[in-house]
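**Q** Pasting a structure here, questions to come.
All of the numbers you see were taken from the coordinates with simple rules; none came from a lab. The shown structure was predicted, so the numbers you read here are calculated from the model rather than taken from an experiment. Positions of Cβ are backbone-derived with ideal geometry, glycine not excepted, and every protein chain shown enters the neighbour counts.
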Amino acid sequence: MMFLDCDILVTKHGFIFYTIGYEHPDQRVVSNLKYIPREYAKLFNLEWLKHKWILEGRELVRPKVLFSPRVYQSIIKTFMRYFPEYVYYSNQLQKYIISVPIDLIDRVYRPSESLKRIMNKKRRDPLENKVVNLVEELSGKSGISLKYFGVSGSVSLGMHRSFSDMDIIVYGLENYYKVRNTLILLEKEGLITMISESALDEIRMNRGLYQGTRFNINAVRLQEEIKTTPCLYRPICTIEVKCRVLDARESIFRPAVYRVRVEDVIRGPRDISPYITRVVSMIGLHRMIATEDDIIIVKGILEEVTDVDTSIRSYRIFVGSASQNEYIKNLSRGIS
């Protein structure tokens, strides 16, 4: 079974995880924990949102802060003590990470299937109607088939509230850029209002308001866009560099991929720097943080990547190993 970014996993313990990326250990799925059954909340040293969610009669809670190094390490600590089956040692990162064993998965909510289910419902609530209407507008105006759309988040799970956001998914690189361009057209027609609260919003152009409800649109790779050739990753050291972005088209995905040219080494080995061609980040905030010709500062793990089939080696900087001090900063636009 193939698991794609943004697939939602409900486990036999009732935990709800969101799949991260496309590369997973054998018989496991790399993911982030998002919802926790209330009866387990006391085991975690976390602060919780006041709201509660109900899935099939079970009450769930969610951490106030979802994705931070401190929260991640706190969840790892609790899992290792009470639910060690959710912890896996990654040789690539040389540390423990959260991943779900396939045999503990009870249900999978795929965004594409969730949207189909909602569209086929005889009775939809007001938020579900908004999701369907927005997707139909985007599909009709962009010419992208409805089969390339999905919905994630609480709406996908059917445990949303009236004030929940709409998390729209578009499958495929070219499809996503066509849909994003369509947002500009819909705003001109007065159907949506784009949110532009920061320089990052101006680059991304993927958040807005539709009939008073917030929405965001993110990209997921089509199966044919996923690299299936196995690679070996060897972490070398922490490195900090200044780069020029040569190609940012694949930064819409998670992991975000930037083709770069290193212009200066702030910390780390200089002899390898001419061979570093990519910056790869698993952190959602780093999606579309820069565009072509922007200058960025990157701090992460320098990795040697070996294609198993061809033995060709390359080098990349990996950001998102759950370290407190890894980042991407866009110097050209003042984004950090």
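**Q** Between L43 and K12, with labels modelled 7 Å along Cα→Cβ, what's the label distance in nm to one decimal, could you check?
**A** 1.4 nm
**Q** Might you report the magnitude of the Cβ-based charge dipole of region 181-226 about its Cα centre, with Lys and Arg at +1 and Asp and Glu at -1, to the nearest 20 debye?
**A** On the way: 5 positive and 7 negative charges, 23 e Å.
Around 120 debye, computed over region 181-226.
**Q** Please report the spacing between the Cα centers of region 200-219 and region 7-53 in Å, no decimals.
**A** 25 Å
**Q** If you add up the charges near R249, with Lys and Arg at +1 and Asp and Glu at -1, over every other residue whose beta carbon is less than 11 angstrom from its beta carbon, what do you get?
**A** Working: positive: R259; negative: E174, D247, E250, E292.
It works out to a net charge of -3.
**Q** Filter the GluC sites (Glu not before Pro) in region 269-336 down to the DSSP loop ones having no more than 13 other Cβ atoms within 10 Å, then list what survives. Walk me through the numbers before you get to the answer.
**A** Numbers: sites: E292, E303, E304, E326; in loops: E292, E326.
Those that pass, being in a loop and sparsely packed, are E292.
**Q** Counting each DSSP H run of 4 or more residues in the chain as -39500 (n - 2.57), what helix-only mean residue ellipticity at 222 nm follows after dividing by all residues, to the nearest 500 deg cm²/dmol? Kindly include the intermediate steps, with their values, before the conclusion.
**A** Numbers: 6 runs with 67 residues, N = 336.
Calculated at 222 nm, the ellipticity per residue is -6000 deg cm²/dmol.
**Q** Give the separation of the Cα centroids, region 230-270 to region 146-164, in Å.
**A** Here the two parts' Cα centres lie 33 Å apart.
**Q** How big is the equivalent ellipsoid of the chain along its three axes, where each semi-axis is √(5λ) from the Cα gyration tensor, reported in whole Å from largest to smallest? If you can, show how the numbers build up before the last one.
**A** Working: eigenvalues 199, 142, 68 Å².
Rounded to whole Å, the semi-axes are 32, 27, 18.
**Q** Subtract the Cα-Cα distance of E59 and E292 from 0.36 nm times their separation in residues, and report this length gain in nm to one decimal.
**A** Details: separation 233, 0.36 × 233 = 83.88 nm, distance 4.53 nm.
Extending this stretch completely gives an extra 79.4 nm.
**Q** Find the centroid of the Cα atoms in region 56-76 and in region 169-188, then give the distance between the two in whole Å.
**A** 31 Å
**Q** For D307 paired with N32, estimate the spin-label separation in nm (one decimal), with each label point 7 Å from Cα along the Cα-to-Cβ line.
**A** Inter-label distance under the simple model: 3.1 nm.
**Q** Roughly how many nanometres apart are two label points built 7 Å out from the Cα toward the Cβ at I236 and M2?
**A** Distance between the two pseudo-spin positions: 3.2 nm.
**Q** While we're here: Let's test the formula: R0 of 30 Å, r as the Cβ-Cβ distance of A199 and V265. What FRET efficiency results, to the nearest 0.05?
**A** On the way: r = 26 Å, r/R0 = 0.87.
With a Förster radius of 30 Å, E is 0.70.
**Q** For each of W48, W53, count neighbouring Cβ atoms within 10 Å of the residue's Cβ, then give the residues from fewest to most.
**A** Listed from fewest to most nearby Cβ atoms, that is W48, W53.
**Q** Which pairs, out of K34/K77; K121/K178; K121/K147; K42/K64; K242/K329; K64/K329, put more than 21 Å between their alpha-carbon atoms? Intermediate values should be presented prior to the final figure.
**A** Numbers: K34/K77 16 Å; K121/K178 28 Å; K121/K147 17 Å; K42/K64 15 Å; K242/K329 9 Å; K64/K329 25 Å.
Those over the limit are K121/K178; K64/K329.
**Q** Just add up the charged neighbours of L49: K/R +1, D/E -1, any other residue whose Cβ is under 9 Å from the Cβ of L49.
**A** Spelling it out: positives minus negatives among the neighbours equals +3.
**Q** When H286, H160, H51 are ordered from fewest to most other Cβ atoms inside 10 Å of their Cβ, what list results?
**A** Values: H286 24, H160 20, H51 11.
With the sparsest Cβ surroundings first, the list reads H51, H160, H286.
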